[in-house]
Structure formats: C-alpha cells, structure tokens
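Data block below; observations after.
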Amino acid sequence: GAPAAGPWQLAVQRTCLIMLVVQNSVLVMVMHYSRNNSSAGSSEPIYLASTAVLLVEVIKLFLSLLLAARDISLAHPRSNAPELAAKLYQSVFSADSWKLIVPAALYTLQNSLVYVAISNLDAITFQVTYQIKILTTVLFSIILLGRRISWRQWLALVLLTSGVAMVQVSGSLDLEDWKERLTSLLQGGGVPSALTTAGFSRFKGLLAVLAASLTSGLTCVYFEKLVKDSLSSVSLWTRNVQLSFFSLFPALLIGVLWQDGAAICRDGFFAGYGPIVWLTIALQAVGGLIVALCITYADNVAKNFAASFSIVVSYAASAIIFKTPLMLHSTGGAAIVLLAIYLFNSRPSPRPALLPLRESE
Ligand code: C5P
C-alpha cells in the first residue's frame, strides 16, 4: 500500500491546497471583471481570449524552466552553466516527452472553453457549473488510476455537488427575467429578442463549461498518472516545461492565428489590454503551477475540493467586502460544502485527502 504521509508531507499538501483556494477565489472574480467591465465606457475592443491563453503558456513555460533549472543545478552542484543547460535540454526533450502532446492540446482547449463560458455566464453560474469536473475527475481517477472510493466518500461527493448547486440557485435565478419571459409568451409576443440572445449566450456558455469539465477531469488525471508513474525519473517542473511547450503550438496556430488572426491584424495583439487583464493572466499562470503542485503532492480529487471550498470563500468575501446580502439557500449550500469536505476527509487513515492506489500499482 501507499506509505503513510508524515507531518511534513501533510503540511506541504495543505499549503498547496490553501494556495489554490486563495488563487481560485481571486481569479474567478478578477477574470469575470476583466471580461465584462474592463472596457466599459471606452471604445477599445475587449481583449482576445486567445492572446491571453498564449501568454499564460509563455509565462508558465518561463517559470517552469526556471524551476526545472534550479532542480537540475541542485542535483548537479558541480556542473557549470553549459553542462546544466545541456542536462535541462536532455530532460525536456527526453524520449517520452511526446506523452505531453495530448494533455497540452486538451488543456489549451479547456483554457479557451473557460473563456467562452465566463464571457457568457455570470461568475457564480460559471464557478458552480464547472464543479461538474469533481465528478468527471473521480470517474477518470477510478478508470485510469484504479482508485477506490468508499461509500462515505461517494456520499461526500454527492453532498459537495448539491452544496455548490445550492449556492448557485439563489445566485443566478433571475426572477425578473423569467417574469418578463412568461408575460411576453402569454401575451403571444414570443420571447423578446433581447432575452433570446441572452438565452443563446447562456446556452453557449453552459455547453462550454460542460465540455471544459470533461477535459478537466480527463487531462488532470492523465497528468497525475504521468507525474506519479515517473516522479523519480522526470521532475514535475520538467513535465510542466513539456506541457507548456507543446501548448504553445495549438495556442498560437489554432487560437491566435486561425481563430483571431484577422482581429489581431486589425486591432493589434494587445488591443484591450490593461492592468486587470495582466492581473488575470498572471493569476492564471501562477494558478497552473499551483494546480501542478496540488496534483503532485495531494491529488486531483483533493485539488477539486479546494476549488469548491473557494466558492464558499468567494461567497463569504462578497458578503463582507461588497455587502451582498446572505441568502438562506446559498448559506445552506456553503454549509453543505463544508460538511462534504469534512466527511470526505474524516476517515481513519493516516493520509487524509489522499486516495490509496490499488495494491498492484
Ligand atoms: O480546472 P482545472 O483544475 O482542470 O484547471 C487546470 C488548469 O491548470 C489549466 O488551466 C491548466 O492549463 C493548468 N495546469 C498547468 N500545469 C499542470 C496542470 C494543469 O498549468 N501541470
């Protein structure tokens, strides 16, 4: 079986997960703001998501390269700079680096879908619907990693999904919108065109978030398998260099050139960029690295619990900072999320939050 985690490992796990909670809470608010408010009142076009997706990968590549170089220099303290560079090159373009091509393509797709979703849905609906990835992640962990989940943990997962849905209900249920829709239909006027557009946009956003949930579960579990299968031979940061390197191609060719090439020629690559956009990009790049740490030192399911917990944090933060009134539904939902987190982790095991691999693994 898996060795018991010592206090040091538990501390590392918790630190990674707490960093993810903070990063996720801030990111969703900033990202939504950047897509919906940053160009309000100005004639500048809204920034292109494809350019942001590309820049995030460039920054992650740079940071991962630095971290991978540091790992290599620690392992070979006597080597000089050219020797270290050669070692770094060898480890990045090792025989099995091609294994990162598929996850790189899938993550790039996922990161673009997230932009489609967040531009078409309100922040809460997006954040909550995206939690479907909790279930896809568990399913792929069972299929690809042979993980087992106890009944208590299944119950916790069901509670978690219901809890986040409840936080959503009062957040996104726009009664006025529905009243207007109904009145208009009853009067034989059909659905007002402004509402049809809003409805279509919402539908598009929901489809995007569902597709992103599917790729999230599959890709994160695949990455976890790769890192944990070969933790000894290839370092995490080298894997991340490979991941970002292969992501540059789809992000550049499909996103920037094919999808938005014309708009970039017309308005420029950095059209609509401002401090909030750069903050979004920086938060996403750092977030990617935190996700990689959580996958490695904890696991994907724990990573998703941390992300769900960030919903509770955002909810509490918006109540305190923006004085949003507390709603019975949302507060109940938040309490259920907390209960689910407790239930999932409270088992008589020395490794809370970690699911054991099968004995054969
Ligand atoms: O929502 P989810 O947890 O699936 O998001 C994963 C995010 O983390 C993606 O944006 C992906 O690009 C990033 N990531 C990363 N490096 C990894 C794993 C994920 O940058 N090793």
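Every number in this text was worked out from the coordinates using simple rules, so none of it is lab data. All values derive from a computational prediction rather than experimental measurement. Ideal geometry is used to build each Cβ from the backbone, glycine not excepted, and the neighbour counts take in all protein chains shown.
For this structure, a couple of remarks:
- Within region 251-353: Cβ-based charge dipole about Cα centre, in debye rounded to nearest 20 (Lys, Arg +1; Asp, Glu -1): 300
- With a simple spin-label model that places each label point 7 Å from the Cα along the Cα-to-Cβ direction, the separation between Ala319 and Leu248 comes to 4.7 nm.
- Region 44-92 and region 240-284: distance between their alpha carbon centers, rounded to Å: 18
- Inter-probe distance in nm under a simple model that places probes 7 Å from Cα toward Cβ, at Thr15 and Ser79: 2.6
- For region 59-148, the Cβ-based charge dipole about the Cα centre amounts to some 240 debye (Lys, Arg positive; Asp, Glu negative; other atoms uncharged).
- For the set Lys60/Lys228; Lys204/Lys225; Lys87/Lys303; Lys99/Lys204; Lys133/Lys323; Lys60/Lys323, the pairs lying more than 28 angstrom apart at their alpha carbons are Lys204/Lys225; Lys87/Lys303; Lys99/Lys204; Lys133/Lys323; Lys60/Lys323.
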